[in-house]
Structure formats: C-alpha cells, structure tokens
Amino acid sequence: MKIKKIESILTSFNRNYLTIKIITDNGLIGYGDATLNGRELAVKSIIDDYLSNFLKGKEADRIEDIWQMIFRGTYWRNGPVLTTALSGIDMALWDIKGKKANMPLYSLLGGKCRNKLKIYVHVHGRNENELLERCKKNINNGYKVLRYSFDTVDPNDRETIYCQPHQDLAISKIEESDIKKIQGYWDSEVYIKELIRITKIIHQSFGNKVELIHDVHSRLSLSQAIRLSRQIEEYNLFFLEDPIDPLNKEALENIRYHTTLPIAFGELLTNLYDYKIIIANRLVDYIRPDISHIGGITPLIKLSAFAELYGIQTAFHGPSDISPIAHSAMSHINFSIPNFGIQEYVENFDYLSDVFKTPLKVKDGYLEILPKPGIGVEVNEEIMKEYPYKKAFLPILRDEMGAIHNW
Ligand code: KDG
Ligand code: MG
C-alpha cells in the first residue's frame, strides 16, 4: 500500500484549519490536522513544496520510518512548522492504517482502558457576574471540571481591561490592530490580586459541585507564580496550567518545592525531547502536549508511556485552534492509555459537525466514542471549498512600558 497523493486543504470557518489528506494506491484516504494558529501558510508550504513529493511512493504502513525520515532525515530536526506538518501526516497515516485493518485507532493501540473520558471546558466572563452565571450554566449542563478566566478592570485606570487568555482571544482571526481596542497593557500584579479574589468566590459558590482549572498562560515570573500558587492552594484546583514561561521550564522545580497545587504544563513544547527533564524529574502532575504540534499520534503514544512510568497523567492540549480531527485522534489515545487524567474540550464545535463528522459525543461532562475505523472523522470537502483561508494573527501583549509580554 503506497502513498499516491497528499493534499493540504486550508479552510476558514470561525477560524483557520489545515487538513492533510493522504490517498493510497489502493484507494484508502486518511485525514490529519496540521493547523498552526497564525502560521498556517508556512505549514502548507512545507507540505506542498517539500514533503508531498518526498512522500509519494512510500509505504503508507511504515509510519515510524516516515516519522523519523521527516523529523531527523531533513537534518534540521524540530521547529513547530515542521512538527505541525509532521503531525498532520502522522494522523493521516494512522487513519489509513485503522481503515485498512477496519479497526478504530483505540483498538490498534491496545483497546479501551475506560468507557468515557472526563473533559473540561472553558468558561470566560467579561466580569464577575457573567463568569459566575456561565459557571452555573456549565455545571447544569453536566460538566465536572471548568477552566475559568475573566477580564479584569485596572483599578487605577478604568479604561484599561486586562483580558485573560481564553478561546475567543486565541482566535487567529484577530488582527493586531483589533487587539489594541480590547486590551491595553498587561499588569501581572493586578491579575494576581483579581485571580485570588475570583478563585475564592467561585470556590465558595460552586466548590462542592465542580473542580477548577486556571491557565496562567506563561504570563508570570517565577516568584509571582510561586506567590500565586501558595495563595490559591487552599481552593484545591484540579490543576494550575503553565504558571511560568516554557523557555524556563527547569524552574518548575522551584514551584514544586513551594506548593502542593497540581501543575499542568507543556502545550508550547513542540519537541518530544523537551519533555525529558519534565517527566524524569517529576516537575509536573499533568503533561499537556498538543497532538497537532508535537508530531501527531506516534510521539504522543511514546510520551504517554514515558509519563506513565513516573506516575504522571495526561491532559492533552485541546483548544478550538486545532481541528475536530485532532480532537478525535487524541481521544483514541486517551481511551487506550492507563494514565489518562483529563481532556480539554471545545463544547462549541457543533457548528462544524457538517464539515467534520466526528465519532465523539459529549454526555454529562464526559466524552464517548463510536467504534468507527481509523480516527473515524468523515470530512466534507465540498463544504470546505466554500470557506477559503483568511489571513489572521494571534494577539500580542505588551507591558505598561510598551515591551512585549508573554501572551
Ligand atoms: O493558539 C493558542 C491557544 O492554543 C491557547 O491560547 C489555548 O492556552 C490554551 C489552552 O490551554 O487551551
Ligand atoms: Mg493553555
């Protein structure tokens, strides 16, 4: 079974998605997700201008070999553009393998370890009341874990609003000029103070009904992160995500010494090998690799097994800027590994259900999966043609002196 053709399909619905389609000489079709928010065209170019020709005629069954050829064989190993392209190819090849075997991916990976997956969704409020209302709505809809964020008004300048990272702002449709209208500069001290206050309120209101997650999005310094962790420790978060910059990942060790708060980390680590020190030194409780950026299913299986040996659980990155194909692919892994922790999920994917018909179903705060062959997503390419790519950017954040701050 040889690879006959590779296509990269770039579409923009609410946001951009790059879908990889691989066709084999015996007529099987596999789909993968290769979306890199804000850099979609660069990934498309790697596929169309470099990898497509190189893959033609290769054995579709030899996934590990193809993975190594793309990662190491191109000499310039690494880099999110390459690993995102690789992710899309890897997913499409696993999809083909499953379809050939007429088995769902989770069966190929050893079979289900559980019947359903606990998920968490994002809840954002533009103010405290809206946040509390939305938490309530989600709890009534059955969710057991919520990731909360909210906008904060600067007490010294009521005109300035600090927007915490949330799905609406992570959208690659926002132009740099637009972001200025909704976000001035960033002040970590205002954020920390407000976060402690709001966490207490949500905990008091819903603490017996739901568990809480907060994503710092790498916006704090080490000492700020330690101070924050200690002060919200009593609210028993499910985990605190990305308290510090991944460029300084070794410093997670210092956070460990100072707090018992569970730590989740890793959506920005796009190289499998970056996880080595984190796992081997037990610097986190949950790893958060992104299936569309780390190289697909193949490295995620290895990473999960490695984490399992150290008693570390998974909480794969699952925002709306990776497509339903990615969400479906990682769910198969989640079903088949013993150290699954929780899955981040996007509850508003429904509007895409005609384009990507997934095997996933949300029920009472859990994800269930249908036994479809491969990854099990039906892709409607006709609809895709009606939604061409739109150039877009990720937001940029600056401090009060005008210098770039981690967004
Ligand atoms: O493109 C950026 C998003 O993927 C990110 O902001 C989402 O931090 C995120 C999360 O945890 O889902
Ligand atoms: Mg995050």
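The values are calculated or read from the model by the stated rules, or taken from the named source; none is laboratory data. The shown structure was predicted, so the numbers you read here are calculated from the model rather than taken from an experiment. Methodologically, a virtual Cβ is constructed for each residue, glycine included, from the backbone with ideal geometry; neighbour enumeration extends over all protein chains shown. Ligands, DNA and RNA are stripped out before the accessible areas are found, and what is left, the full protein with its side chains, is counted by its heavy atoms. Shrake-Rupley method; radii C 1.70, N 1.55, O 1.52, S 1.80 Å.
Working only within the range 20-30, note down all residues that are in contact with a Lys or Arg (Cβ under 9 Å, 6 or more places away or on another chain) and open to solvent by less than 20 Å² (accessible area, probe 1.4 Å).
Ile22, Thr24, Gly30
Looking only at the range 94-113, how many residues end up being over 15 Å from Pro359 (Cα atoms), outside any helix (DSSP H, G or I) and open to solvent by less than 50 Å² (accessible area, probe 1.4 Å)?
Residues in the range 94-113 being over 15 Å from Pro359 (Cα atoms), outside any helix (DSSP H, G or I) and open to solvent by less than 50 Å² (accessible area, probe 1.4 Å): 2 in total.
Report the residue count in the range 245-268 for those that are of a type in the set (A, V, I, L, M, F, W, C) and more than 12 Å from ligand 2 (Cβ to nearest atom).
The number of residues fulfilling the criteria is 6.
Find all pairs meeting these conditions: Cβ atoms under 8 angstrom apart; at least six residues apart or on different chains; first residue within the range 369-387 and within 17 Å of Asn14 (Cβ to Cβ); second residue among the charged types (D, E, K, R) and not in a strand (DSSP E or B).
Close Cβ pairs (under 8 Å, with a partner that is among the charged types (D, E, K, R) and not in a strand (DSSP E or B)) amount to Asn380/Asp354; Ile383/Asp354.
Kindly list the number of the only condition in (1) more than 13 Å from the chain's Cα centre (by Cα); (2) acidic (Asp, Glu); (3) within 14 Å of ligand 2 (Cβ to nearest atom) that fails for Asp242.
Only one criterion in (1) more than 13 Å from the chain's Cα centre (by Cα); (2) acidic (Asp, Glu); (3) within 14 Å of ligand 2 (Cβ to nearest atom) is unmet by Asp242, namely (1).
Mind listing whichever residues of the range 150-190 are modelled with pLDDT under 60, more than 16 Å from ligand 2 (Cβ to nearest atom), within 26 Å of the chain's Cα centre (by Cα) and assigned to a helix (DSSP H, G or I)?
Passing the criteria: Glu176, Ser177, Asp178, Ile179, Lys180, Ile182.
Residue check: is Val379 over 30 Å from Arg219 (Cβ atoms), not assigned by TED's automatic domain parsing to the domain that holds Asp187 and not charged (D, E, K, R)?
Answer is yes for this residue.
Specify the residue that is farthest from ligand 1 (Cβ to nearest atom); the eligible residues are those in the range 389-406 that are closer than 24 Å to Asn14 by Cβ, at pLDDT below 85 and open to solvent by 50 Å² or more (accessible area, probe 1.4 Å).
Among them, the one singled out is Lys391.
Quick one: would you say Met91 is of a type in the set (A, V, I, L, M) and open to solvent by 60 Å² or more (accessible area, probe 1.4 Å)?
Here the answer is no, as Met91 does not meet what is asked.
Out of the residues in the range 191-221 that are within 16 Å of ligand 1 (Cβ to nearest atom) and not in a strand (DSSP E or B), which is nearest to the chain's Cα centre (by Cα)?
My answer is His217.
Do we find that Asn348 is modelled with pLDDT under 95, among the polar types (S, T, N, Q) and either assigned to a helix (DSSP H, G or I) or open to solvent by 80 Å² or more (accessible area, probe 1.4 Å) (or both) in this structure?
Taking the combined requirement at face value, the residue satisfies it.
State yes or no: is Glu211 within 19 Å of Phe265 (Cβ to Cβ), buried (at least 17 other Cβ atoms within 10 Å of the Cβ) and more than 16 Å from ligand 2 (Cβ to nearest atom)?
Yes; evaluated as a whole, the condition is true for this residue.
Checking the conditions here, which among Asn138, Asn102 is modelled with pLDDT of 95 or more, more than 20 Å from Ile198 (Cα to Cα) and of a type outside the set (A, V, I, L, M)?
Asn102
Which condition breaks for Pro373 when tested against (1) more than 16 Å from ligand 1 (Cβ to nearest atom); (2) open to solvent by 50 Å² or more (accessible area, probe 1.4 Å)?
(2)
Which of (1) at pLDDT below 95; (2) open to solvent by less than 20 Å² (accessible area, probe 1.4 Å) is the odd one out, the single condition Glu386 does not satisfy?
Evaluating Glu386 over (1) at pLDDT below 95; (2) open to solvent by less than 20 Å² (accessible area, probe 1.4 Å) leaves (2) as the failure.
Let's see how each residue does on (1) away from ligand 1 (no atom under 16 Å from the Cβ); (2) over 23 Å from Ile119 (Cβ atoms); (3) free of Cβ contacts under 8 Å to residues at least 60 places away in the same chain:
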site	(1), (2), (3)
Pro262	no, no, yes
Arg282	yes, yes, yes
Gly296	yes, no, no
Leu300	yes, no, yes
Ser320	no, no, no
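Matching residues to (1) surrounded by fewer than 19 Cβ atoms within 10 Å (Cβ to Cβ); (2) not acidic (Asp, Glu):
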site: Glu344; (1), (2): no, no
site: Ser353; (1), (2): yes, yes
site: Pro359; (1), (2): no, yes
site: Val377; (1), (2): no, yes
